[in-house]
Amino acid sequence: MTRLLINIDHVATLRNARREAFPDPVAAAILCETAGADGIVFHLREDRRHIVDADVERLRALVQGKLDFEHSLDPGIVEICCRTRPHLATLVPERREEVTTEGGLDVKHHLGPIHDTVLQLHDAGIGEVALFVDPDLDQIAAVPDTGADAIELHTGEFANASTAEAQTHQAGLLADAARLAHQHGLAVHAGHGLDYRNYPAFARAVPHVAEVSIGFAIVARAVFCGLYEAVRDMVRLVRHPY
């Protein structure tokens, strides 16, 4: 059964918009787990635009399920992840000017730095390291050479498809990518833009997905029905997508 990890970054975004102490993303993480989430995702960015260092420490202490620490290859952030020792570290590209992560890592052209970072994370005792990648077969074929344990498929193009035909095409790319990763012995994760509307089509099309990371859609729905109910709705959908 596919696991559901909730990204709580946007709770921190709301808090930081007014430089307040609330809403507390750590309290949100605990509520997400109470509502049935299998784990929590957060992205510690270099500019600290949402999650900040104090949040990381509290998340590590209080989250009971799987904790996924997303971060760039920045040495300072990597060192924080090594000290935190989450269950999963997911390496993502990062640009200061982007609103959210816009694409996957270029594994082929940054093989050396990625390999060294994966080794550093493993040496720190982090049991699983994933690379956030586009559904590009050449990129995925390069992942085993980095020593990573998993990929997280970037589902943004699928989520943003404007027609049924475009969505079907993107789903096919994701399915092929998932099969190749599985053949290489990599765990398959997925995330970015998945929501209540498009998740069933994704689940029907893409095999081997062990876990999905979903955040913005849940936080947005929570404005209207509350976080507990928004999480419960997504839990039910991920458990029974057909």
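The values are calculated or read from the model by the stated rules, or taken from the named source; none is laboratory data. Computed from a predicted model, the values in this text were never measured in an experiment. We place every Cβ from the backbone using ideal geometry, glycine too, and count neighbours over all the protein chains shown. Calculation scope for accessible area: heavy atoms of the full protein, side chains included, ligands and nucleic acids excluded. Shrake-Rupley method; radii C 1.70, N 1.55, O 1.52, S 1.80 Å.
The set of residues from the stretch 29-50 being buried (at least 21 other Cβ atoms within 10 Å of the Cβ) and either under 20 Å from Leu237 (Cα atoms) or within 13 Å of the chain's Cα centre (by Cα) (or both) comprises Ala29, Cys32, Ala37, Gly39, Ile40, Val41, Phe42, His43, Leu44. The helices (runs of 4 or more DSSP H) falling completely within the stretch 1-85 that include 2 or more residues that are in contact (Cβ under 8 Å) with a residue 24 or more places away in the chain, of a type in the set (D, E, K, R) and farther than 16 Å from Gly215 by Cβ map to 53-62.
Would you be able to say whether some residue in the stretch 130-138 is closer than 25 Å to Ile51 by Cα and loosely packed, with under 15 Cβ neighbours inside 10 Å?
Checked the stretch 130-138: no residue is closer than 25 Å to Ile51 by Cα and loosely packed, with under 15 Cβ neighbours inside 10 Å.
Could you list, in sequence order, all residues of the stretch 51-73 that are in contact with an Asp or Glu (Cβ under 9 Å, 6 or more places away or on another chain) and open to solvent by less than 10 Å² (accessible area, probe 1.4 Å)? Matches in the stretch 51-73: Ile51, Asp55, Asp68, His71, Ser72.
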